[in-house]
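Just below is one structure, and these are the notes that go with it.
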């Protein structure tokens, strides 16, 4: 595997290998010296065309814990504002011979373009409304840790399904590992083309959360909405927001997840976000271990087996 | 080397460890994954039979410290397994345990890994088999058996806990 562009490129065995490796990586974060020399001398460029706190910090910590040299490029300060295209920026970075590029970009498929142009290994840190593979991997890691398995679980995903790359990656990953996914949102925000065995769509939260092992909330992405998808945020919260009363319909050992950033009072009530079922901060902690696993496995992996 | 011989060898090493280290409370055993771990546990058991004291035992995975990790352009990365050292190694006399001592590169990596966990008082090396051909200036403190080999041969240690039987064999390749 040269790059990590999308969950759809990965087999079930590869996903399991990443999760198992992340298990070992997590221990490094518990040591007094949180650093191993594995990627010494490797250069990783974090190229972020969209705002990000969690993902960028998480990648950077993961890179530093593996002793890679890291470089952050945020577009607001880069020559992109002077009119340079993604391809030109990439070729210029490539000329300085980094080993890996972590890319976040508002256009779907930007990572695939880069992977074709560059010898460096590309890691997709979110491309438009397409995929966010490391988020799905850390979600799966968190579920597996809490539930001991993924196969056979009922996983309910509620929110802005249409604009969510997290949903696309998660549906791909969770169905590959045998979970039953129920995706729930307003009719205007249900995407087409995601029908596959193991996935059902619903417009009723109360139905969707009934008997769920995992509830995953998605943010309402107003910045991506071009049109009148919702009457109002208050109405959205009343119809789809995750409240304690709705959580009570799920299994008693349900866990609540959210990829962040959260909009309290829009998709999730504060008492649920901070409540005993919430594993939202565990997801963030696990993100570092999962990204370390991905960086390690890509750094020396076989050429050309995937892409 | 068969099961009987292996058992007596480990008992002998346990006695040697106690002879050379006064104060069993200061000791800590760390086995190198994979086969150093069950050997370390057996040594802990042997020491407990003699002294009635359980020496704390941990497992060390050295994959992330290997010096040959990024040298192969092709081929999947070695699998990383977990390191579990459930005690503080600070000011302890650590007994580092592995099955076969060969080039010494594994031990070099293990020393680097171990130092990341603290500052032990000393580190001593225990190996079941020393097959020679060192590439680094490393020497074992306790050796089960010196086994002269050629570079073409490989030494396989099988252990009950992992392979279902205890034996050491030399394979021609």
Q) Pick from B:20, B:42, B:81: which residue has the top mean-square fluctuation in a GNM of chain B where Cα pairs under 10 Å get a spring? A) B:20
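Convert 25 °C to kelvin, take the viscosity as 0.890 mPa s, use the Kirkwood radius over C-alpha pairs of region A:1-149 as Rh, and evaluate the Stokes-Einstein diffusion coefficient in µm²/s, rounded to a whole number. Kindly include the intermediate steps, with their values, before the conclusion.
Values: Rh = 16.2 Å.
The estimated diffusion coefficient comes to 152 µm²/s.
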Q: Please give the helix A:54-65 orientation as an angle from the longest Cα principal axis of chain A, in degrees from 0 to 90, rounded to the nearest 10.
A: 40 degrees
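What average number of partner chain Cβ atoms lie no more than 10 Å from the Cβ of the residues making up B:76-85? Show your work: numbers first, answer last.
Working: counts 8, 11, 2, 5, 15, 5, 7, 6, 1, 2.
For this peptide, the per-residue mean of nearby foreign Cβ atoms is 6.
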Q.
Ignoring everything except DSSP H segments at least 4 long, calculate the 222 nm mean residue ellipticity for chain A; use -39,500 (n - 2.57) per segment, divide by total residues, nearest 500.
A. -11500 deg cm²/dmol
(Q) Can you give me the Rg/Rh ratio for the protein assembly as shown, using Cα atoms for both radii and the Kirkwood formula for Rh? (A) 1.05
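Evaluate peptide A:26-37: per residue, the Cβ atoms of other protein chains within 10 Å of its Cβ; return the mean as an integer. Could you put the intermediate results ahead of the total?
Values: counts 1, 7, 5, 0, 1, 6, 5, 4, 1, 2, 9, 9.
If you average over the peptide's residues, the count of other-chain Cβ atoms is 4.
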Q.
Given Cα positions, please report Rg to Rh for chain B, the hydrodynamic radius being the Kirkwood one.
A. 0.95
Q: Could you give log10 I(q)/I(0) at q = 0.19, 0.22 Å⁻¹ for region A:47-124, computed by the Debye formula over C-alpha point scatterers of equal weight, without solvent?
A: -0.82, -1.12
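What do you get for Rg/Rh over region B:4-56 if you use C-alpha atoms and the Kirkwood form of Rh?
Numbers: Rg = 10.6 Å, Rh = 11.2 Å.
Here Rg/Rh amounts to 0.95.
Using the alpha carbon gyration tensor of region A:127-167, what are the three equivalent-ellipsoid semi-axes (square root of 5 times each eigenvalue), largest first, in whole Å?
Values: eigenvalues 91, 31, 8 Å².
Each semi-axis is the square root of five times an eigenvalue, giving 21, 13, 7 Å.
Using only alpha carbons, build the gyration tensor for region A:182-242 and give me the equivalent ellipsoid semi-axes, biggest first, whole Å.
On the way: eigenvalues 83, 48, 19 Å².
Working from the Cα gyration tensor, I get semi-axes of 20, 16, 10 Å.
How crowded by other chains is A:287-296, given as the mean number of beta carbons from other chains within 10 Å of each beta carbon? Don't skip to the answer; put the middle values down first.
Working: counts 0, 0, 0, 0, 0, 2, 2, 0, 0, 6.
That average works out to 1.
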Q) Which residue, A:123, A:33, A:280, tops the fluctuation ranking in a GNM of chain A built on C-alpha contacts under 10 Å? A) A:33
Q: Could you line up B:141, B:99 from fewest to most neighbouring Cβ atoms inside 10 Å?
A: B:141, B:99
Q: Express the Stokes-Einstein translational diffusion coefficient of region B:55-149 in µm² s⁻¹, to the nearest whole number, given a Kirkwood radius over alpha-carbon pairs, 10 °C and a viscosity of 1.306 mPa s.
A: 110 µm²/s
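Return B:117, B:87, A:59, A:141 ranked ascending by Cβ neighbour count within 10 Å, so the fewest neighbours appear first.
Numbers: B:117 20, B:87 14, A:59 28, A:141 25.
Result, fewest neighbours first: B:87, B:117, A:141, A:59.
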Q | Sequence of A:149, A:168 once ranked by neighbouring C-beta atoms within 10 Å, starting from the fewest | A | A:149, A:168
(Q) Between helix A:165-176 and chain A, what is the angle of the helix's C-alpha long axis to the longest principal axis, kept within 0 to 90° and rounded to the nearest 10? (A) 80 degrees
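Quick check: convex hull over the Cα atoms of region A:133-283, volume per residue in Å³, rounded to an integer? Before the final figure, lay out each step's value.
Details: hull volume 14.9 nm³, N = 151.
So the per-residue hull volume is 99 Å³.
Values quoted throughout were computed directly from the atomic coordinates according to the rules given, and no laboratory measurement underlies them. Quick caveat: nothing in here was measured; it's all calculated off a predicted structure. Neighbour counts are summed over all protein chains in view; Cβ atoms, including those assigned to glycine, are modelled from backbone coordinates with ideal geometry.
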